[in-house]
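Values in this text are rule-based calculations from the coordinates and carry no lab data. This is a predicted model, so every value here is computed, not measured. Cβ placement follows ideal geometry from the backbone for every residue including glycine, while neighbour counts extend to all protein chains displayed.
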Amino acid sequence: MSTDIFSEIADTGYRENLEDINSEEFFKVIKSRRSVRVFKDEPVKEEDMQKILDAAVLAPNSSNLQPWEFYWVKNATKKKALVEACLSQPAAATAPELIVCIARTDTWRANSKTMLNLLNEKEGVPAAAKTYYEKLVPLVYTQGPLSLFGFFKRIAIFFTGFKKVTPREPVSNSQMITWATKSTALGCENIMLAARALGYDSCPMEGADSKRIKDILHLGSGAHLVMVISIGKRDEKGVYGEQIRFDRSKFIKILE
Ligand SMILES: Cc1cc2nc3c(=O)[nH]c(=O)nc-3n(C[C@H](O)[C@H](O)[C@H](O)COP(=O)(O)O)c2cc1C
């Protein structure tokens, strides 16, 4: 299967206007985002929650297969159960709103078909883009029962990889969880930054009972809890201390 689609430059004729960005404001948003554990008893505006959710699904995502779902749990009974499933952490219990962020390993096939239908409706879409969704996507993301197909792909990749630069993952159902989680986590960051930009705060939580949360949302085995995010106005005692990060040289490596 050719991977030329990755190496060829396609000029589709599409051009997009770039908006000016106030970079100072942008970095203010990044720097003022903190994990807030206590929220004020103040509502989040409906329109702001919708903007925050819209930001989530604008995140970049693998093959544009959008392997995520974001559940804004408004229902009072479900929200109470969700707070309990988040170990009744104050970050959940005091939060006016909660969003459950789910990675999906079972929606890529349907989403690929939707993408292909959309591409077929558009003018001037390169044939390679359609072939990508028709041929490459099923080959790359199908793993089969017990990851058996993935196992055969892994062996084939092992040998072709000697001669050729080859994408190697995902080749198992568990790697599919990593695959979907990467994209979903980017949506999560968008949620938290959008909340901050709109004057709210957030707390990401993985201290939660994933099985109970999936039961609350009636989700099956193709759904994987990435995190629950609380949204609200920060209480003045909501941030527990100064932001701590180790020396940047520990994590940032510049290869010259
Ligand atoms: C995936 C993930 C899971 C987290 N889970 C929790 C959690 O369950 N409860 C909590 O209070 N904070 C949780 N946090 C927040 C982290 O503790 C916090 O991001 C970290 O201490 C750095 O602080 P800062 O976000 O204020 O910079 C989580 C963060 C991430 C990214």
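Each of ILE157 and ILE252 was given a label point 7 Å from its Cα along the Cα-to-Cβ line. The distance between the two points is 3.2 nm.
Counting every other Cβ atom within 10 Å of each residue's Cβ, GLU97, GLU236, GLU189 order from fewest to most as GLU236, GLU189, GLU97. Derived scalar couplings between HN and Hα for the stretch 81-95 equal 5, 5, 4, 4, 5, 8, 6, 6, 4, x, 4, 9, 5, 8, 6 Hz in order, rounded to whole Hz, by the Karplus curve 6.51 cos²θ - 1.76 cosθ + 1.60 (θ = phi - 60°), x for Gly and Pro.
Site pair GLU134 and LYS40 shows an inter-label distance of 5.7 nm when each label is modelled 7 Å from Cα along Cα→Cβ. Summing charges over all other residues whose Cβ lies under 11 Å from the Cβ of ALA81, with Lys and Arg as +1 and Asp and Glu as -1, gives +1.
Remark on GLU97: its backbone amide H falls under 5 Å from those of ILE231, a criterion applied only to residues 5 or more positions apart or on other chains, H modelled at 1.01 Å from N. How would the stretch 109-163 be classified by its alpha-carbon gyration tensor: rounded, prolate or oblate, with rounded meaning a/c under 1.5 and the a/b versus b/c comparison settling the rest? The shape class here is oblate. Legend: residue pairs LYS130/LYS153; LYS31/LYS113; LYS28/LYS214; LYS182/LYS250; LYS211/LYS250, Cα-Cα distance threshold 30 Å; pairs beyond threshold, LYS31/LYS113; LYS28/LYS214; LYS211/LYS250. Beta bridges per DSSP, both residues in the chain: antiparallel share near 95 percent.
Among the aspartates and glutamates, which fall within straight-line cross-link reach of LYS237, defined as a Cα-Cα distance under 16 Å, with same-chain neighbours fewer than 8 residues apart omitted? Filter leaves ASP41, GLU42, ASP201. Of the options PHE158, LEU136, THR114, report the single residue whose Cα projects farthest towards the positive end of the charge dipole of the stretch 109-163 (beta-carbon charges: Lys, Arg +1; Asp, Glu -1). Farthest along the dipole direction, towards plus: PHE158.
For the chain, the relative contact order is 34 percent, taking Cα pairs closer than 8 Å that sit 6 or more residues apart in sequence and dividing their mean separation by the residue count. Here the relative contact order of the stretch 105-227, from alpha carbon pairs under 8 Å that lie six or more residues apart, stands at 22 percent. 3J(HN,Hα) along the stretch 131-140, derived from phi through the Karplus expression 6.51 cos²θ - 1.76 cosθ + 1.60 where θ = phi - 60°, amounts to 4, 4, 6, 6, 10, 6, 4, x, 5, 6 Hz, with x in place of Gly and Pro.
Remark: LYS122, LYS79 ranked as LYS122, LYS79, counting other beta-carbon atoms within 10 Å and listing the fewest first. Cβ crowding within 10 Å, taken as a proxy for footprinting-reagent exposure, orders SER172, SER62, SER202 from fewest neighbours to most as SER62, SER172, SER202. If only the Cβ of Lys and Arg carry +1 and only the Cβ of Asp and Glu carry -1, the dipole of the stretch 109-163 around its Cα centre is close to 220 debye.
3J(HN,Hα) along the stretch 249-254: 5, 5, 10, 9, 10, 10 Hz, from the Karplus curve 6.51 cos²θ - 1.76 cosθ + 1.60 with θ = phi - 60°, whole Hz, x for Gly and Pro. Quick check: the angle from helix 148-163's long axis to the longest principal axis of the chain, C-alpha only, nearest 10 degrees? It works out to around 70 degrees. The charge dipole of the chain, taken about its Cα centre with unit charges on the Cβ of Lys, Arg, Asp and Glu (plus for the first two, minus for the last two), comes to roughly 940 debye.
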